[in-house]
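Only the coordinates and a few stated rules stand behind these numbers; no lab work does. Keep in mind it's a predicted model, so treat the numbers as computed, not measured. Methodologically, a virtual Cβ is constructed for each residue, glycine included, from the backbone with ideal geometry; neighbour enumeration extends over all protein chains shown.
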Amino acid sequence: MVSYMANYQIPLDSVFHALADPTRRAVVQRLGRGAATVSELAEPFGMALPSFMKHVSVLENSRLITSRKQGRVRTCVLHQENLIAAERWFGEQRALWENRYANLDTLLAKLSGE
């Protein structure tokens, strides 16, 4: 299992870093409904476009989104592969801890004489 997690460590680190910020989470959530221009994505946040582009850059570096520039318009698209990898990691962690709790329940039952 250690080698399996090592294979996913770098993408997961960048995904979790990207999703640690509420602005970037909101962008990912919005892009879940479909592609959008950077201007459309930036509108609800009331920040300067250069500042918002730093968020876009972090999301692109994590490979959660890609953007394409056509003329003066940059359009962003969500790529769910790294989100799926993070979801898979959480699922593995959940299964691991459920197993540990089941083992603890068994041990406690044995110790209490049940």
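Below are the figures for this structure:
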read-out	value
Fewest-first ranking of MET47, MET53, using other Cβ atoms within 10 Å as the exposure measure	MET47, MET53
For the range 4-114: relative contact order, % (alpha-carbon pairs under 8 angstrom, 6 or more apart)	28
Check: the range 2-85 dipole with +1 on Lys, Arg Cβ and -1 on Asp, Glu Cβ, in debye	280
